[in-house]
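The values are calculated or read from the model by the stated rules, or taken from the named source; none is laboratory data. Keep in mind that what you see is a predicted model, and the values were worked out from it rather than measured. Glycine also receives a Cβ, built like all others from the backbone with ideal geometry; neighbour counts cover every protein chain displayed.
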Amino acid sequence: MIWALFFLFLTPPALSQTIDFKQEDALSFTQDIVGLAEQKLNLESQFTLSSALADISMDVDYTVEGVLSGVSLRTLNDLRSETDTLPPGTLKDTLEQALGQAEAALAEIRNAGNGISIDTLYHKLKDIEKALDKQFIDRVNDCLEISRTDKGRLLVVAKPIEQRYDYLKCIVNKVRKYTRDEVKPQIASLLRETVLHLTDGNKADYIRDLEKLLVRIDQYRGEAIKEEEADRIRYKGDYLLRKVQEQGTERLWELELSTTVGGIDLDGTLTWESDDYRAPSKDVHTTDLEIGAGFEDEDWGTSINYEQEHRDYTDRLKDDKDRISHSLDLALSWDRDPWAASGSVSFDSESYPNYIDDEIEPARVSQAIAAIQSLIDEVRALGLPAAVEDDLLKELGEEGALGELVAGDRREAVDQLEDFIDEVYDAKWDGDITSDAAQLLADKALLILPRKRIRQLDIPLSCGFPFHDGDLTLDLEWENKTYPADSLLNRDTSTQKVSYTRDESASTISGYLEREELVYPNATVKNRSLRKWEGSVENEMACGDLALTLFHQQTTYPHASKKDQWVQEIGLQLDFDLSEASISAGLTNKVTAHPNNAAKPTSRETTISLDTSWEVAEGTFQLQLSDETKRTLTALSNETLVKETRHAELSWDGEIADGLDISFSLAWKNVVDWNDPTKDSDELILQIKLDLTI
């Protein structure tokens, strides 16, 4: 990689450049059984620059994708309109009464003005949520007098409305309980406006108020709002913001370099990716570095590759997902016809610097004990009130983390240290300890706690050779995963697979047998044994190519037999050409059973598909149709329809001018869920892509 950079900057250039500009637009609409539910717009642009300097090639790619999606902000008026379509009766009267109660509570919120108290706002939202949940949604769910379609029409409108009021009620309750009195009025006023904009269906103002709420909560965290409760409020507010509209961009830079030095191929890739969204939890920055070297001779080849990735979430609520990973892979292959063999060894490690894991690592027990004893001395030196000091020392001392470690309970020691941190923040909130002292104690306790780490060793081996007029391949693999701070997840996986293929004049026979053993040394109840096989026959006939595939899989849990499962599948595929068109038709039938769990019925999934394409007007037209059904089977061989999915897509891809390719597709998807009508949907997606080469 260093030599490549040296030549790149010091060798006189022989430059050839290619610039590709790609415009991709995607517009989709999701239709539920009462109207337009969701809209999504994707816009993507790509820039590529390729250069050749001496023996070094370089490619630079930049891609930016904009995303704008949103859902309908339906209101109680919409729900009342749906209720009005019901026939007169007890249910309609009950639902109208529930809506009247919710509307009365909203009227009181509106009439209270900006001076509304946080307690009043909470109790009125509680009344609204109760009316929508217990008296509306539950009554509809339990009703047997209306049709499935009518029930779905009501629930698909009511559930999102109820959830929004419920989340706002939770936020108000957190503010009511865990916020200092001096800031309650201004937050209550902001939340009241948010509720009213939700009630009136003012989407833009509702989004604006949610953004203001996120800013305000960050501003007051730890000072006017308790830390952990501020995080819970942030989570709820961010969720509401994402659920009503997502708006943001994803940017990706990629630099690739490759050259050959002394017969060894060298290559490297460096990428930067940044996601910037209106909702903070979607924001993430990723850096990835890959370096590789390879050598090939007439019969054999070898390679070494290294990769490092750093992922950083900018939102503190996602800090536990920050990750640094390393991967090293050594591979060797040998090929002398008709024999071939390959093998490799790969080492992978992942560390999560902000993810607190479940147990102190055995190698760190002595270090942790010394650190806890030092922390005890720190607490005693602060001169805290006796009651506060006793509470903190109880979490750390012989009855707490220190005692658990000495007794060998490394998991309970982690719980005690986390309780200590909570006690510190509570004491800070009550004014019994200064902010600086609290932060010092919390930081020292955090240093003792374990972080999530994963280490993986993978050794796959493969060998292929002729056998009985065909080709036989043996694949063996052993994988070990170790979690230093959570030993219950440690596991070993061993896999053996035999594959066979034989080609004859007008047919091909192929199949495989595979066995996998998964062993958890410290959690044997999760041990698993997997057996599966597949066989297929492909015949060339006058009308086209016909393929038949049979598949069977059996999964056994020696210590948890209720999880046992077997799967059987049969597939039929026919491909043929007519004039300038090609047609492919398929039928698959899959049965899944849980022989030791009566609570999980046997299910059958059937898929029928048709795919055809033909050349038209300097391009290719393609039509795809599919129908998928899922049914449950009873002991008496009766079948009940559970879900049906229909899909149709029409597309065209061709060149309309030199260097300018265009493609478009129109896709429709219909889902009918017979168990939950609220999941019924219709989706229509239009995509147009332009690829311009200069």
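Structure above, values below:
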{"quantity": "Output for the stretch 442-490, where each listed residue is of a type in the set (A, V, I, L, M) and touching a Gly at 6+ places or on another chain (Cβ under 6 Å)", "calculated": "461"}
{"quantity": "Within the stretch 72-88, tally of residues that are surrounded by 15 or more Cβ atoms within 10 Å (Cβ to Cβ), at pLDDT 90 or above and not in a helix (DSSP H, G or I)", "calculated": "4"}
{"quantity": "Answer residue from the stretch 273-321, given it is under 17 Å from the mean Cα position of the chain (by Cα) and β-branched (Val, Ile, Thr) and is surrounded by the most Cβ atoms within 10 Å (Cβ to Cβ) among those", "calculated": "284"}
{"quantity": "Qualifying residue in the stretch 175-183 (condition: on the phi < 0 side of the Ramachandran plot and crowded, with 20+ Cβ neighbours inside 10 Å)", "calculated": "yes"}
{"quantity": "Tabulated pairs, the stretch 63-92, first closer than 20 Å to residue 33 by Cα, second in a helix (DSSP H, G or I) and among the aromatic types (Phe, Trp, Tyr), C-beta under 7 angstrom, 6+ apart or interchain", "calculated": "73/206"}
{"quantity": "Residue match in the stretch 598-610 (condition: over 21 Å from residue 632 (Cα atoms), surrounded by fewer than 15 Cβ atoms within 10 Å (Cβ to Cβ) and touching a Ser or Thr at 6+ places or on another chain (Cβ under 6 Å))", "calculated": "no"}
{"quantity": "Spans of strands (runs of 3 or more DSSP E) in the stretch 523-623 with at least 1 residues in contact with a His (Cβ under 8 Å, 6 or more places away or on another chain) and modelled with pLDDT of 95 or more", "calculated": "528-541, 565-578"}
{"quantity": "Test: residue in the stretch 127-135 that is buried (at least 16 other Cβ atoms within 10 Å of the Cβ), among the basic types (Lys, Arg) and closer than 29 Å to residue 166 by Cα", "calculated": "yes"}
{"quantity": "Any hit, the stretch 677-692, residues being in contact (Cβ under 8 Å) with a residue 40 or more places away in the chain, under 22 Å from residue 35 (Cα atoms) and surrounded by fewer than 17 Cβ atoms within 10 Å (Cβ to Cβ)", "calculated": "yes"}
{"quantity": "The lone exception for residue 91 - which of (1) surrounded by fewer than 17 Cβ atoms within 10 Å (Cβ to Cβ); (2) over 26 Å from residue 188 (Cα atoms); (3) of a type outside the set (Phe, Trp, Tyr) it fails", "calculated": "(1)"}
{"quantity": "Count of residues meeting criterion [in contact with a Leu (Cβ under 6 Å, 6 or more places away or on another chain) and buried (at least 16 other Cβ atoms within 10 Å of the Cβ)] in the stretch 626-673", "calculated": "2"}
{"quantity": "Among (1) at pLDDT below 95; (2) surrounded by 15 or more Cβ atoms within 10 Å (Cβ to Cβ), the one test that residue 460 misses", "calculated": "(1)"}
{"quantity": "Search result, residues across the stretch 433-454 that are free of Cβ contacts under 8 Å to residues at least 60 places away in the same chain and surrounded by 16 or more Cβ atoms within 10 Å (Cβ to Cβ)", "calculated": "433, 437, 438, 442"}
{"quantity": "Subset of the stretch 561-596 [over 19 Å from residue 528 (Cα atoms), surrounded by 16 or more Cβ atoms within 10 Å (Cβ to Cβ) and small (Gly, Ala, Ser)]", "calculated": "571, 582, 584, 585, 586"}
{"quantity": "The lone exception for residue 353 - which of (1) farther than 30 Å from residue 304 by Cβ; (2) surrounded by fewer than 16 Cβ atoms within 10 Å (Cβ to Cβ) it fails", "calculated": "(1)"}
{"quantity": "Criterion (over 33 Å from the mean Cα position of the chain (by Cα) and small (Gly, Ala, Ser)) met by exactly one of 152, 115", "calculated": "115"}
{"quantity": "Qualifying residue in the stretch 141-149 (condition: without any contact (Cβ under 8 Å) to a residue 60 or more places away in the chain and under 32 Å from the mean Cα position of the chain (by Cα))", "calculated": "yes"}
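Residue by residue, here is whether (1) outside the structural domain of residue 141 (by TED's automatic domain parsing); (2) more than 30 Å from the chain's Cα centre (by Cα); (3) closer than 30 Å to residue 618 by Cα holds:
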| site | (1), (2), (3) |
| --- | --- |
| 648 | yes, no, yes |
| 653 | yes, yes, yes |
| 662 | yes, yes, yes |
| 667 | yes, no, yes |
| 677 | yes, no, no |
| 681 | yes, no, no |
| 689 | yes, no, yes |
| 692 | yes, yes, yes |
